[in-house]
1. Please work out which residue is surrounded by the most Cβ atoms within 10 Å (Cβ to Cβ), limiting yourself to segment 69-106 and to residues that are in a loop (DSSP other than H, G, I, E, B) and more than 15 Å from the chain's Cα centre (by Cα).
2. Looking at (1) among the hydroxyl-bearing types (Ser, Thr, Tyr); (2) over 21 Å from Ala113 (Cα atoms); (3) buried (at least 16 other Cβ atoms within 10 Å of the Cβ), which is the only condition Ser16 fails?
3. Answer yes or no: is there a residue in segment 171-182 that is among the basic types (Lys, Arg), closer than 28 Å to Arg360 by Cβ, under 20 Å from the mean Cα position of the chain (by Cα) and outside any loop (DSSP other than H, G, I, E, B).
4. Go through the residues of segment 38-56 one by one and say whether even a single one is under 30 Å from Leu296 (Cβ atoms), among the hydrophobic types (A, V, I, L, M, F, W, C) and not in a loop (DSSP other than H, G, I, E, B).
5. Can you tell which of Val203, Val210 is in contact (Cβ under 8 Å) with a residue 60 or more places away in the chain, more than 18 Å from the chain's Cα centre (by Cα) and crowded, with 20+ Cβ neighbours inside 10 Å?
6. Looking at the structure I just gave you, is Val141 of a type in the set (A, V, I, L, M), in contact (Cβ under 8 Å) with a residue 24 or more places away in the chain and farther than 28 Å from Lys23 by Cα?
7. Return yes or no: is Met326 crowded, with 19+ Cβ neighbours inside 10 Å, free of Cβ contacts under 8 Å to residues at least 40 places away in the same chain, among the hydrophobic types (A, V, I, L, M, F, W, C) and closer than 29 Å to Thr55 by Cα?
8. Give the residue that is surrounded by the fewest Cβ atoms within 10 Å (Cβ to Cβ), with candidates limited to residues of segment 115-158 that are in contact with a helix residue (DSSP H, G or I) (Cβ under 7 Å, 6 or more places away or on another chain) and over 18 Å from Gly227 (Cα atoms).
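The values are calculated or read from the model by the stated rules, or taken from the named source; none is laboratory data. Since this is a predicted model, take the numbers as computed values, not measurements. With ideal geometry, Cβ positions are generated from the backbone for all residues, glycine too; neighbour counts draw on all protein chains shown.
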Amino acid sequence: MAKHIYPNERRYYQESERLGPWKVQPVVEELKEIAKTEGLWNLFLPDSEYGAGLTNLEYAPLCEVMGRSQLAPEVFNCSAPDTGNMEVLSRYGTLEQKQQWLKPLLAGEIRSAFAMTEPEVASSDATNIACSIVREGDEYVVSGRKWYTTGATDPRCKILILMGKTDPDNEDRYRQQSMILVPKDTPGVRVLRALPVFGFYGVPDRASEVVFDNVRVPASNILLGEGRGFEIAQGRLGPGRIHHCMRLIGLSDRTLERMCRRMEQREAFGRPVAAQTVSLERIAEARIMIEQCRLLTLKAAWMMDTAGNKVAKSEIAMIKVAAPKMACNVIDWAIQAFGGGGTNNDHFLAAAYATARMLRLADGPDEVHRNQIGKLELKRVGTLDPERTGGFAHVPPLDEVDEIARSGAYPPDNG
């Protein structure tokens, strides 16, 4: 990181701005070769057949370090959406699909995209997805419009994983959807435009809008079979969500370091900005919030390793709410400390904030995760014995209250 990543960040942003989201930044490809030779490659995959064989808990600190820079994750082939797509292919793909798509993705020879969110519906409820996947003989016909499809403008992108409806009339709303592999060069696939995130194109996700106009793909491209889309989505998004949080902790940690240095270098009203009480309070609060999120993330990672993603879903949801909110707060304080320069990305803070704010929406908005956490908590409490846990508040009858008051056990109220 110190030798190759940090010194090349300014070049990365300059190339991203100059070349735009439809081109490849040369610095990324150069650094990838170095990462490969160092053996720092595909660290995210717990399956030792395809990746480094690390547990989620072992990967967490590495992901945090990579998250300190927007440039780093892709350099180590550990960036979205490829990480999630590779996990899908490794878990749910056939041998042929793995050979055709997973192998070149693992080698960094191609990139991929994930098409789920749609502009016409509230995609926070994924059962709203309207894109159709219709079986016709030995083919499926895909029709629909997606946006915030990450990775589609990348010229290296060769395959999209798309979620759509194969059985819209199914009474079980969670069995209507399927996921299917759509090669990008298939007739009818049109990438309409790149979508900036707060003005940033292609840093780091290359969000885009894509139309699928009667796109025909082989029936063998369906993943797991019809009606398995939600099952795949949960398997994909669990690790993806916690990876985002790991990276945000690194980004927040580095932002706090930069904020401290800036405050020590600047003077206002006769003393360093770092000596101002409000500055000390913000530094302290930032450190507290970062440590809280780090520990919750590590707990979630440990639970995923020991009990499985399904059991850890509450912890995953909690960190997905807490980490982006924390990062937005810390980065906002840093922007305030840097003054006007904090808003123009000279100090990389504007891009950092754009990423953190986007992640309050990506992989499910805060509101959806909070609803899930609340329901899980109600369910958890419902399994407890209130007599053993003190779960019921005992309201004594009026005569008992009078007796207690007369005894002097506590003073009666003035009424």
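1. Out of the qualifying residues, it is Leu71.
2. If we test Ser16 against (1) among the hydroxyl-bearing types (Ser, Thr, Tyr); (2) over 21 Å from Ala113 (Cα atoms); (3) buried (at least 16 other Cβ atoms within 10 Å of the Cβ), just (2) comes out false.
3. no
4. No.
5. The unique qualifying residue is Val210.
6. On the way: of a type in the set (A, V, I, L, M): yes; in contact (Cβ under 8 Å) with a residue 24 or more places away in the chain: yes; farther than 28 Å from Lys23 by Cα: yes.
It is true that Val141 is of a type in the set (A, V, I, L, M), in contact (Cβ under 8 Å) with a residue 24 or more places away in the chain and farther than 28 Å from Lys23 by Cα.
7. On the way: crowded, with 19+ Cβ neighbours inside 10 Å: yes; free of Cβ contacts under 8 Å to residues at least 40 places away in the same chain: no; among the hydrophobic types (A, V, I, L, M, F, W, C): yes; closer than 29 Å to Thr55 by Cα: yes.
So Met326 fails the test.
8. Ala122
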